[in-house]
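Presented below is the structure to which this report refers.
The values are calculated or read from the model by the stated rules, or taken from the named source; none is laboratory data. In this text the structure is predicted, and so the values were computed from the model without any measurement. All Cβ positions, even for glycine, are placed from backbone atoms using ideal geometry, and neighbour counts span all protein chains on display.
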Amino acid sequence: MADLQNDIDELVDEFDFLGDWEERYRYLIELGQGLAPLPDHERTDATKVKGCVSQVWVVLDDHDGKIILRGDSDAHIVKGLVALMARLYSNRTPAEALTIDPKDVLSRIGLSEHLSPQRSNGLASMIGRVRAEAEARA
């Protein structure tokens, strides 16, 4: 659990280092650009996140009992949010994933008050999907 908290603190520090919200949005977009593309055969209704205005797909793989979150979006900022969720949830056991309070993390980053209502709803849908899959695996 200490590793999880250290990873969260490191993520918060990365965003704290940046100045204004333009810089933070640019960084979020850069995080998204670093995601490996999701193959077309994984862009299905089963992997599509409902409740997002943008097209968003999230795949959760199981690797040695740990979750690996992969995903993609047709919107730059949303793709960055997918990357952020991948940083939070990947390489965690399902039980660890369920201890993560993404709202607290987003609040500490200062992201929650800078997202449009549509993006906030989409992000909530993404988090709900990850938590549901983690609960099913726990």
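If you check 95, 46, 2, 86, which single one turns out to be surrounded by 17 or more Cβ atoms within 10 Å (Cβ to Cβ) and either at pLDDT 95 or above or more than 15 Å from the chain's Cα centre (by Cα) (or both)? Sole residue among the options that is surrounded by 17 or more Cβ atoms within 10 Å (Cβ to Cβ) and either at pLDDT 95 or above or more than 15 Å from the chain's Cα centre (by Cα) (or both): 86. Among the numbered conditions (1) within 20 Å of residue 6 (Cα to Cα); (2) crowded, with 17+ Cβ neighbours inside 10 Å, the only one that residue 60 does not meet is (1).
Does residue 54 qualify as being more than 22 Å from residue 98 (Cα to Cα) and surrounded by 20 or more Cβ atoms within 10 Å (Cβ to Cβ)? Answer is no for this residue. Restricting to segment 110-120, and then to whatever is in contact (Cβ under 8 Å) with a residue 24 or more places away in the chain and within 13 Å of the chain's Cα centre (by Cα), can you tell me which residue is surrounded by the most Cβ atoms within 10 Å (Cβ to Cβ)? Going through the qualifying residues, I end up with 111. Criterion first (over 18 Å from residue 3 (Cβ atoms), among the small types (Gly, Ala, Ser) and modelled with pLDDT under 95) does residue 34 satisfy it? Here the answer is no, as residue 34 does not meet what is asked. Would a scan of segment 74-81 turn up a residue that is more than 16 Å from residue 28 (Cα to Cα) and modelled with pLDDT under 95? No; the residues of segment 74-81 include none that is more than 16 Å from residue 28 (Cα to Cα) and modelled with pLDDT under 95.
Every condition in (1) in contact with an Asp or Glu (Cβ under 8 Å, 6 or more places away or on another chain); (2) over 27 Å from residue 136 (Cβ atoms) is met by residue 21 except one, and the failing one is (1). Within segment 30-49, residues that are in contact (Cβ under 8 Å) with a residue 60 or more places away in the chain sit with their Cβ atoms under 8 Å from residues that are among the hydroxyl-bearing types (Ser, Thr, Tyr), at 6+ positions apart or across chains, in these pairs: 49/125. Tell me whether segment 50-73 contains one or more residues that are part of a helix (DSSP H, G or I) and either under 12 Å from the mean Cα position of the chain (by Cα) or at pLDDT 95 or above (or both). No, segment 50-73 contains no residue that is part of a helix (DSSP H, G or I) and either under 12 Å from the mean Cα position of the chain (by Cα) or at pLDDT 95 or above (or both).
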